[in-house]
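The values are calculated or read from the model by the stated rules, or taken from the named source; none is laboratory data. Nothing here was measured: the structure is a model prediction, and the numbers come from that model. FYI the Cβ positions are ideal-geometry reconstructions off the backbone, even for glycines, and counts take in every protein chain you see. Ligands, DNA and RNA are excluded from the accessible area calculation, which covers all protein heavy atoms including side chains. Shrake-Rupley method; radii C 1.70, N 1.55, O 1.52, S 1.80 Å.
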Amino acid sequence: MIELNEVYKIYQMGDSEVRAVDGINLSIDKGEFVAIVGQSGSGKTTCMNIIGCLDVPTEGHYLLNGADVGSLSDDRLAEIRNREIGFIFQQYNLIPKLTVLENVELPLLYSGMPSEERLKTAKAVLERVGLLDKIRHLPSQLSGGQQQRVSVARALAGSPSLILADEPTGALDSKTGRELLEFLKELNEDGNTIVLITHDNSIAEEAKRIVRIQDGKIVSDAASKSVKGAGA
């Protein structure tokens, strides 16, 4: 599903060359739950931006479902982001003036889905995250955990092939963060492919596979302790 082959992302900062991603090779199969872990400046965010089609490699090739992302037009990249990738961000990125229902419907509106189908789909995913009774609320009327669940519903609405979660528990208290991680596990058990970006090792251990990045390179790629323990 995801293939990064000798991928580099190189920036010029004055006279210096910054290799934010430095020759990464990475494969992620459909249905996997993978955590990409690294500290600030490690290159994990740049790697996430490439996987999410928010950026393209300077060198190398990124194949998403067989398509070479680096060769695609901006319009095609926007279409892939809308139809094939569901994003869950730390800061929720909900539109304050739109209701919960309208926030979830928005990507479906951009994709051209008819209004009746859009309404049915949005309500179905909101029911799935336990927020069907909040559809007329504004984001400001919800708790942090509820707002993050709205962002999860929005990510799921278009039935994406990939869910990309960037520090999704970062703005949540520990109990609510744990609930979100359990929900991501459920989504993975239902067959969703999930890539979780984090700096926190304890959160990374909730995934089935952990890829560690340092100085733009992959330094380890192995099953998490939970998987190793289950196989013991």
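In percent, rounded to a whole number, the relative contact order of the range 127-232 is 19, using alpha-carbon pairs under 8 Å and six or more apart.
Which whole-number percentage describes the relative contact order of the chain, with Cα contacts under 8 Å and a sequence gap of 6 or more? In percent, rounded to a whole number, it is 28. Extension gain, D173 to D190, is 3.5 nm, computed as 0.36 nm per intervening residue step minus the present C-alpha separation.
When every alpha-carbon pair in the range 135-177 is counted, what percent end up more than 12 Å apart? Let's see the in-between values first.
Values: 581 of 903 pairs.
Cα-Cα pairs in the range 135-177 separated by more than 12 Å: 64 percent.
Of all DSSP beta bridges confined to the chain, the antiparallel ones make up roughly 55%.
For the listed residue pairs K30/K208; K97/K134; K30/K217; K44/K217; K185/K208; K9/K217, the alpha carbons are over 20 angstrom apart in K30/K217. Applied to the range 63-68, the Karplus parametrisation 6.51 cos²θ - 1.76 cosθ + 1.60 on θ = phi - 60° returns per-residue 3J(HN,Hα) values of 9, 10, 6, x, 8, 7 Hz, with x for Gly and Pro. Excluding L142 itself, calculate the net charge of residues whose Cβ lies under 11 Å from the Cβ of L142, where each Lys or Arg counts +1 and each Asp or Glu counts -1. So the surrounding residues net to +2. Measuring only protein heavy atoms, the 1.4 Å probe finds T169 accessible over about 20 Å².
Using every pair of separate Cα atoms, the Kirkwood estimate puts the hydrodynamic radius of the range 89-206 at 14.4 angstrom. For the range 146-195, averaging the sequence separation of C-alpha pairs within contact (under 8 Å, six or more residues apart) and dividing by the residue count gives a relative contact order of 44 percent. When the trypsin sites (Lys or Arg not before Pro) in the range 1-100 are filtered for DSSP coil states and for at most 10 other beta-carbon atoms within 10 Å of their beta-carbon, the remaining sites are K97.
Per residue, the chain reaches -11000 deg cm²/dmol at 222 nm when only DSSP H runs of four or more residues are counted, each adding -39500 (n - 2.57). Thinking of the chain as a set of Cα atoms, what percent of all their pairs are more than 34 Å apart? In whole percent, the long-distance tail amounts to 15.
FRET efficiency for the S143 to M1 pair, using the beta carbon distance and R₀ = 35 Å, is estimated at 0.55.
Enter the accessible area per residue of the chain (Å², integer; probe 1.4 Å; all protein chains in place). Please report the intermediate quantities before stating the final value.
Numbers: 11250 Å² over 232 residues.
Result: 49 Å² per residue.
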